[in-house]
1. Within the stretch 124-154, can you find the residues that are closer than 16 Å to Val87 by Cα and assigned to a strand (DSSP E or B)?
2. Look through the stretch 79-94, keep the residues that are over 20 Å from the mean Cα position of the chain (by Cα) and surrounded by 22 or more Cβ atoms within 10 Å (Cβ to Cβ), and return whichever of them is nearest to the ligand (Cβ to nearest atom).
3. Could you tell me which of the residues Gly10, Gly26 is under 21 Å from Val87 (Cβ atoms), surrounded by fewer than 19 Cβ atoms within 10 Å (Cβ to Cβ) and not polar (S, T, N, Q)?
4. Working only within the stretch 95-111, note down all residues that are more than 9 Å from the ligand (Cβ to nearest atom), outside any helix (DSSP H, G or I) and surrounded by 18 or more Cβ atoms within 10 Å (Cβ to Cβ).
5. Considering every residue within the stretch 116-123, establish whether at least one is surrounded by 13 or more Cβ atoms within 10 Å (Cβ to Cβ), of a type outside the set (A, V, I, L, M, F, W, C), near the ligand (Cβ under 9 Å from one of its atoms) and not in a loop (DSSP other than H, G, I, E, B).
6. Being touching a helix residue (DSSP H, G or I) at 6+ places or on another chain (Cβ under 8 Å) and under 30 Å from Ser132 (Cβ atoms): is that true of Leu203 here?
7. Condition first: free of Cβ contacts under 8 Å to residues at least 60 places away in the same chain, touching a Ser or Thr at 6+ places or on another chain (Cβ under 6 Å), surrounded by fewer than 19 Cβ atoms within 10 Å (Cβ to Cβ) and not hydrophobic (A, V, I, L, M, F, W, C). Can you find one or more residues in the stretch 50-69 that meet it?
Amino acid sequence: MSIDNVAVIGAGRVGLTLARALVRSGRAVAVLGRHVDALPEPLEPATPVWEPAIAASDLVLIAVPDDAIGDVARTLARGGVIGAPQVVLHTSGLHDRSALAALYSSGAGLGSWHPLQTFPRRGGEPDALAGSPAVIEGDERALAAGRELAELLQLRPVVEIAADRKASYHAAAVFASNYLVVLADVAARLTRDAGGDQVPNALFLPLMRHTLAHLNDGPAAALTGPVSRGDAGTIARHLAALEGPERELYRALAKEALRLARQNGLDENAAQAVLAVLA
Ligand SMILES: NC(=O)c1ccc[n+]([C@@H]2O[C@H](COP(=O)([O-])OP(=O)(O)OC[C@H]3O[C@@H](n4cnc5c(N)ncnc54)[C@H](OP(=O)(O)O)[C@@H]3O)[C@@H](O)[C@H]2O)c1
């Protein structure tokens, strides 16, 4: 298919990001919402009148909260505005094409297209798309359109995933993004407890950035610290200094770190000593 006219349903973080990037790449874009909203340049205001824009589009992107995708698909099906030549993709990391089940009888290509990136700001962040991966799932036409959309907006690599793997894939993305934030918060909190209010919020950022840079060579290569050295005495002191949920979190993560340390060739006696302290 050729992506020339796109209807984006949902004027939120992802919808506006995609809409702005598509306009920048020279495509005609209509942003559809539930009410009239002024949008950032160069977008036209969002409109609650969907039919003309949907009828004119070759690609419909649904960027609404996960729980609303089914409702939007049912609204489109009731309106009879989606036809066989079109492709409809939603942007959820969790759901697969079955969230669009109401549109099965339309004959349109159906699938999901997940930009593997975080978009925390309202208003759209088109620069965040280029160079981010796209994870796609769906029928043949949806996959082809998903690849073309990724190419157009310079997302790479494009990874195809089976429908029944989306929940574990999305949980993985939560580990990589959201729980990284949580770990930064735990680190800041523990240090505040130890050092008082003068500890800056960004204390751990240089360390985290440097660690992330080393991850380019794979997780095992990036691992340093007491578990990687088999330093059981240090781990015992950490556990004694922690309490409650932080201690449990430390213990669970240390067990995962031990898997990596073993891949790096940690001596089995040292590994057993670490396990004994963690038990
Ligand atoms: N944010 C991220 O980092 C990110 C990254 C990758 C993928 N995603 C996925 O992208 C999708 C959108 O997420 P988001 O973060 O962009 O959400 P968001 O910022 O909350 O925006 C959702 C938009 O959908 C509209 N909406 C809600 N229900 C609707 C309905 N029934 N009909 C029409 N419009 C409706 C909302 O408008 P109203 O003002 O009318 O409520 C809002 O403009 C989700 O599936 C999410 O999982 C998000």
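The values are calculated or read from the model by the stated rules, or taken from the named source; none is laboratory data. The shown structure was predicted, so the numbers you read here are calculated from the model rather than taken from an experiment. Because the Cβ atoms are built from the backbone with ideal geometry, glycine has one as well, and the counts that use them run over all protein chains shown.
1. Across the stretch 124-154, the qualifying residues are Ile136, Glu137, Gly138.
2. Here the answer is Ile82.
3. Gly26
4. Asp96, Ala108, Gly109, Leu110, Gly111
5. So far as the stretch 116-123 goes, no, none of its residues is surrounded by 13 or more Cβ atoms within 10 Å (Cβ to Cβ), of a type outside the set (A, V, I, L, M, F, W, C), near the ligand (Cβ under 9 Å from one of its atoms) and not in a loop (DSSP other than H, G, I, E, B).
6. yes
7. yes
Quick grid of which residues meet (1) within 15 Å of the ligand (Cβ to nearest atom); (2) in contact with a His (Cβ under 7 Å, 6 or more places away or on another chain):
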site: Pro42; (1), (2): no, no
site: Pro48; (1), (2): yes, yes
site: Ala55; (1), (2): no, no
site: Asp58; (1), (2): no, no
site: Ile62; (1), (2): yes, yes
site: Ala68; (1), (2): yes, no
site: Ala77; (1), (2): yes, no
